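The values are calculated or read from the model by the stated rules, or taken from the named source; none is laboratory data. Given the structure is predicted, the values throughout are model-derived calculations rather than measurements. Virtual Cβ from ideal backbone geometry, glycine too; neighbours counted across all protein chains shown.
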């Protein structure tokens with residue numbers, strides 16, 4: 001069956017509007033977390049992907065070519081979004097930043113493709129799963145499953161006490177040095193482990209300075 005031009009365009013427009021809403025929801029959630037790819041970026045990725053997928057699906061039917069392969073154009077969307085995602089990944093010293101943001105952009109494109117192809121239920125489920133990123137991150141940090149680099153500074157006279165405390169905590173110590181008359185340990189820690197560390201340092205009467213590493 002050959003679709004009329006008007007019906008062809010209306011169906012794509014409806015799917016693009018649904019993709020717009022999905023992209024805004026994802027973007028708002030990411031922007032609220034202070035991430036680089038916010039509402040506008042996620043919305044554009046989702047809308048663009050849905051538009052290309054919609055054109056891919058209906059183009060063959062519009063021209064009456066039943067054997068047309070809609071996956072070809074969609075595959076190019078994924079390739080293009082891969083380059084876009086790579087642009088937000090940065091290496092800062094010991095840390096690699098932007099990997100989750102890049103993965104989110106890639107997933108948003110997949111959601112847009114799903115909407116453009118008319119697969120609304122999988123798209124809705126995927127949006128809900130993306131919205132779980134922040135709760136999962138909170139859980140990871142709270143229970144010490146994920147950590148950041150911290151600089152722990154103590155006086156040289158307390159170095160032995162520090163070694164004992166870090167050993168008891170099973171801390172992931174990446175380096176140790178003496179700078180400006182202080183012993184500086186670079187550790188990977190989390191909010192929960194920091195609370196335990198502060199408690200033990202206070203109990204041992206160790207003066208300290210604990211700060212998030214810039215590197």
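Could you please let me know if residue 113 is part of a helix (DSSP H, G or I), modelled with pLDDT of 90 or more, more than 23 Å from residue 73 (Cα to Cα) and in contact with a helix residue (DSSP H, G or I) (Cβ under 8 Å, 6 or more places away or on another chain)? Even if it seems obvious, please write down each step before you answer.
Values: part of a helix (DSSP H, G or I): yes; modelled with pLDDT of 90 or more: yes; more than 23 Å from residue 73 (Cα to Cα): no; in contact with a helix residue (DSSP H, G or I) (Cβ under 8 Å, 6 or more places away or on another chain): yes.
Considered against the rule, which asks whether it is part of a helix (DSSP H, G or I), modelled with pLDDT of 90 or more, more than 23 Å from residue 73 (Cα to Cα) and in contact with a helix residue (DSSP H, G or I) (Cβ under 8 Å, 6 or more places away or on another chain), residue 113 comes out as no.
Listed conditions (1) surrounded by fewer than 12 Cβ atoms within 10 Å (Cβ to Cβ); (2) in contact with a strand residue (DSSP E or B) (Cβ under 6 Å, 6 or more places away or on another chain) are all met by residue 184, apart from (1).
Listed here are the residues, each with its yes/no results for (1) in the same structural domain as residue 56 (by TED's automatic domain parsing); (2) closer than 30 Å to residue 179 by Cα; (3) buried (at least 18 other Cβ atoms within 10 Å of the Cβ).
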{"site": "109", "(1), (2), (3)": "yes, no, yes"}
{"site": "117", "(1), (2), (3)": "yes, no, yes"}
{"site": "125", "(1), (2), (3)": "yes, no, no"}
{"site": "136", "(1), (2), (3)": "no, no, no"}
{"site": "156", "(1), (2), (3)": "no, yes, no"}
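Residue 23 fulfils the conditions (1) part of a helix (DSSP H, G or I); (2) free of Cβ contacts under 8 Å to residues at least 40 places away in the same chain except for a single criterion, (2).
Consider residue 161 carefully, then state whether it is touching a strand residue (DSSP E or B) at 6+ places or on another chain (Cβ under 6 Å), surrounded by 14 or more Cβ atoms within 10 Å (Cβ to Cβ) and modelled with pLDDT of 90 or more.
On the way: touching a strand residue (DSSP E or B) at 6+ places or on another chain (Cβ under 6 Å): no; surrounded by 14 or more Cβ atoms within 10 Å (Cβ to Cβ): yes; modelled with pLDDT of 90 or more: yes.
No; evaluated as a whole, the condition is false for this residue.
Only residues that are within 13 Å of residue 162 (Cβ to Cβ), assigned to a strand (DSSP E or B) and out of contact with any helix residue (DSSP H, G or I) (no Cβ under 6 Å at 6 or more places or on another chain) were counted in the range 179-214, giving 7. Screening the range 62-71 for residues that are surrounded by fewer than 17 Cβ atoms within 10 Å (Cβ to Cβ) and under 13 Å from residue 117 (Cα atoms) and picking the one that is modelled with the lowest pLDDT gives 69.
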